[in-house]
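Structure first, then comments.
The values are calculated or read from the model by the stated rules, or taken from the named source; none is laboratory data. The model shown is predicted, which means the values in this text are computed figures rather than measured ones. In this analysis, Cβ positions are derived from the backbone assuming ideal geometry, glycine residues included, and neighbour counts consider all displayed protein chains. Keep in mind that these areas ignore ligands, DNA and RNA; they rest on the heavy atoms of the full protein, side chains included. Shrake-Rupley method; radii C 1.70, N 1.55, O 1.52, S 1.80 Å.
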Amino acid sequence: MESPLLQSPGAVAADEPDQEVAAHYGEPAQEQRALERGTGFADRGNRGVLRVSGPDRLSWLHSLLSQHLDALKPFEPTEALLLSPQGHIEHHMFLIDDGEAVWMHVEPGRAPALAEFLDRMRFMLRVEVADVSAEYAVITGPEGGGLAWPDVAGTVTRIVPRSDGFPDGPRPAGMWAYEALRIAERRPRFGLDTDHRTIPHEVGYVETAVHLNKGCYRGQETVARVHNLGRPPRRLVFLHLDGSVDRLPAHGDPVEVPGGRTVGFVGSAARHHELGPIALALVKRNVPVDAELLAGGVAAAQEVVVSPDTGANAQIDLRRRPANRG
């Protein structure tokens, strides 16, 4: 559903998967500052919205998803994952219960498939699943009540009826502004900073969207194995990109070590109004944490987001390159 704000003067459509909302409205840096100050809002109405109602909703979702939802309190925001039997991430969702139904918002284009899967899993339980993306939208901006999640730079993300329109007062800020603040906070985004093989420990979702002491759910074996033994195949890194280059690496561009060996891929990249060009990337676990990298041909210095040895019982020892002994 294309945002009406794309008809605003200066609005430029974002790239996939956000092509239905604006990348910016002509002043990306000022839009970032407005979001940080609480005087701007980001239209994220391209995200999918699902509503799960019925008296069995929490125990049912608890049995399917990675999060502990049995005793979720009304208006307590949380995150969860739907994993494949092999433990790969299939959906990442933000959830909140209003006392009558669980509301969730997911990545653009993902709601129909998630709703179809959940509907197939109802069996005889008293639950109803509805894709309400056409009636409800997602907005990130100043603090507000209702169905709300804390988000980047002190903002709040809310699910609101589309019939309410956009907030009065705050200026619109495009996805470039929101994404720059998200990347700066080292928050991975499903579908951009992940691929079809990603497991929760690789990108840090185990800290926000996984409960490690709950009953069985699909993909739990992989989560438990990595948590106990450590050493996931890959790890998320934050990149400071060479500011003298006039372009950003694209999503999916190779991350290489000097010499041309590919060790991962670029997830998302942006220009932050203070940090300059930055990115998130997924690289092989055994890449030294101080190795210089090339991200889509752009020189990059890395910061550790996920330890190479993440896992509850693993001995954390960040691998660095041997000192040059001449």
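Numbers for the structure displayed
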quantity	calculated
Estimated vicinal HN-Hα couplings, Hz - segment 283-298 in sequence order (Karplus 6.51, -1.76, 1.60; Gly, Pro = x)	10, 4, 4, 8, 5, x, 5, 10, 5, 6, 10, 10, 10, x, x, 9
Kirkwood hydrodynamic radius of segment 44-188, Cα pairs, Å	15.9 Å
Accessible area in square angstrom per residue, the chain, 1.4 angstrom probe	46 Å²
Extension gain (nm, one decimal) between Glu90 and Phe123, 0.36 nm per residue minus Cα-Cα	9.8 nm
Environment charge of Thr155, counting only residues whose C-beta is closer than 9 Å and scoring Lys/Arg +1, Asp/Glu -1	-3
Centre separation in Å (Cα based) which lies between segment 52-121 and segment 173-202	20 Å
Hz values of 3J(HN,Hα) by residue in segment 130-146 - Karplus curve (6.51, -1.76, 1.60), Gly and Pro given as x	9, 8, 10, 4, 6, 9, 10, 10, 10, 10, 10, x, x, 4, x, x, x
For Asp56, residues with placed amide H under 5 Å, excluding near neighbours	Arg126
Amide H contacts under 5 Å for Val298, placed H, 5+ residues apart	none
Charged-residue dipole, Cβ positions (Lys, Arg, Asp, Glu), segment 1-231 about Cα centre, Debye nearest 20	580 debye
From phi via Karplus (6.51, -1.76, 1.60), per-residue ³J(HN,Hα) for segment 180-194 in Hz, x at Gly/Pro	4, 5, 5, 4, 4, 8, 6, 9, x, 10, 4, x, 10, 9, 10
Trypsin sites (Lys or Arg not before Pro) within segment 113-151: DSSP coil, no more than 11 neighbouring Cβ in 10 Å	Arg126
Charge dipole (segment 1-231, unit charges on Cβ, about Cα centre) - positive-most of Trp60, Phe190, Val152	Trp60
Cut-off under 5 Å, modelled amide H: who pairs with Glu79 long-range	Leu95
Apportionment of accessible area to carbon and sulfur, the chain, percent (1.4 Å)	50 percent
